[in-house]
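To keep things clear, I will list the structure first and then write my remarks on it.
The values are calculated or read from the model by the stated rules, or taken from the named source; none is laboratory data. All of these numbers come straight from a predicted model, not from anything done at the bench. Please note: Cβ atoms are built from the backbone with ideal geometry, for glycine as well, and neighbour counts cover all protein chains shown.
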Amino acid sequence: MNALRHTTYNTQNLRETGKERGQALIVALIFLLAITFLGLGLILVSSMDIHTSRNLRLAEKAMNAAEEGILVGMAFASDTRSGFVALAQEESIIIRSYDPGGGDHFNLGKDPKDDHHFEVEVMMGGNAPVPPGEAVGETGVAGAVVFRGAWVRSTGYVLEEAGAEFNPASPPLVSRRIEVLARIRYQQ
């Protein structure tokens, strides 16, 4: 009987050791699952950062294109040879960087595969308020000084895919618009 008790004790001891091993396996699986979710979360965050930085880069390029359009529009409006001064109040001229093949506007003939384009509308306003220190009708070598108001609205577009061609009928989704009210000084 003594031998039988000893065998029973050893069997019970083995059963308890097996239970502990099962608990360790469950704890290890829980830690492995937690580490897996942590890794997936880091991958998700890093991919979101990549998309966010891409979107910010495209938005900045669109804003730069719109600013380029504003500069072109202001240069056009302030040049007396452009004919802008002869426009009636609320008459406008459209300037496009791309060449859509005709229309009643000015085209700068930029390659449609460039990654950014703009469209500018320059509208003649009425007589602008005279800035401090200036007077209407001051005469100079070229004649009297006249201040006119101009409204310049520029929309910049950016192509999302490299090598794609700009299609004015369906412009890309990445665009920015800038509007400027300006006072232009002309000598007549």
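Please determine whether any residue of region 36-46 is modelled with pLDDT of 85 or more and within 17 Å of the chain's Cα centre (by Cα). No, region 36-46 contains no residue that is modelled with pLDDT of 85 or more and within 17 Å of the chain's Cα centre (by Cα).
Is it fair to say A65 is touching a Lys or Arg at 6+ places or on another chain (Cβ under 8 Å), in contact (Cβ under 8 Å) with a residue 40 or more places away in the chain and within 30 Å of F147 (Cα to Cα)?
Values: touching a Lys or Arg at 6+ places or on another chain (Cβ under 8 Å): yes; in contact (Cβ under 8 Å) with a residue 40 or more places away in the chain: yes; within 30 Å of F147 (Cα to Cα): yes.
Yes; evaluated as a whole, the condition is true for this residue.
Which is of a type in the set (V, I, T), at pLDDT 80 or above and in contact with a His (Cβ under 6 Å, 6 or more places away or on another chain), of I94, I70? Can you show your working first?
Details: I70 fails: in contact with a His (Cβ under 6 Å, 6 or more places away or on another chain).
After ruling out the rest, the residue left standing is I94.
Which numbered condition trips up G109, out of (1) under 27 Å from R57 (Cβ atoms); (2) loosely packed, with under 12 Cβ neighbours inside 10 Å; (3) modelled with pLDDT of 70 or more? Only one criterion in (1) under 27 Å from R57 (Cβ atoms); (2) loosely packed, with under 12 Cβ neighbours inside 10 Å; (3) modelled with pLDDT of 70 or more is unmet by G109, namely (3).
Being exposed (fewer than 12 other Cβ atoms within 10 Å of the Cβ) and within 30 Å of E161 (Cα to Cα) narrows it down to one of L56, L71, L33, so name that one.
On the way: L71 fails: exposed (fewer than 12 other Cβ atoms within 10 Å of the Cβ); L33 fails: within 30 Å of E161 (Cα to Cα).
Every option except L56 fails the conditions.
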